[in-house]
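Here the structure comes first, spelled out in structure tokens, and everything after it is commentary.
The values are calculated or read from the model by the stated rules, or taken from the named source; none is laboratory data. Given the structure is predicted, the values throughout are model-derived calculations rather than measurements. With ideal geometry, Cβ positions are generated from the backbone for all residues, glycine too; neighbour counts draw on all protein chains shown. In case anyone asks, the SASA skips ligands and DNA or RNA and just uses the protein heavy atoms, side chains included. Shrake-Rupley method; radii C 1.70, N 1.55, O 1.52, S 1.80 Å.
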Amino acid sequence: MIDLGARFGKHTTAVTRRTCIVIIEVANGEETQDVGVMVDAVNEVLEIPANEIEPAPSFGADIRADFIDGMGKINGKFVIILNIHQVLSVEEMATLAVARLTRCSYG
């Protein structure tokens with residue numbers, strides 16, 4: 001399970017009544033793996049038509065630009081669509097874990 005708040009470099013998610021674990025199927029080549037992602041809350045699950053998705057902005061978001069796949073428009077408001085392959089990149093998370101372990105060992 002991955003804490004999305006921590007993954008974005010923010011605070012770890014405090015578990016409350018609204019905290020949810022979203023199960024995501026991630027494809028890696030021909031294999032798929034189910035990953036649990038802990039989030040603050042889920043308000044709604046939507047399917048956004050392709051014609052309502054715009055390219056990711058190059059600035060202005062509160063998260064890394066490479067984590068954003070696009071911006072969906074829902075009832076005149078925008079929502080961020082994550083690039084789940086980048087957010088859940090096994091290689092990058094492994095590198096981060098090793099870096100944290102190294103800091104803990106020497107810190």
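Answer yes if at least one residue in the range 22-30 is farther than 20 Å from residue 66 by Cβ and part of a loop (DSSP other than H, G, I, E, B), and no otherwise. Give the derivation first.
We begin by selecting, within the range 22-30, every residue farther than 20 Å from residue 66 by Cβ; these are 22-23, 25, 29-30.
Those left that are additionally part of a loop (DSSP other than H, G, I, E, B): 29-30.
So far as the range 22-30 goes, yes, one or more of its residues are farther than 20 Å from residue 66 by Cβ and part of a loop (DSSP other than H, G, I, E, B).
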Checklist (1) under 15 Å from residue 7 (Cβ atoms); (2) in a loop (DSSP other than H, G, I, E, B) applied to residue 80, failing item: (2)
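This table checks each residue for (1) open to solvent by 100 Å² or more (accessible area, probe 1.4 Å); (2) not hydroxyl-bearing (Ser, Thr, Tyr).
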| position | (1), (2) |
| --- | --- |
| 14 | no, yes |
| 18 | yes, yes |
| 24 | no, yes |
| 30 | yes, yes |
| 40 | no, yes |
| 46 | no, yes |
| 50 | no, yes |
| 58 | yes, no |
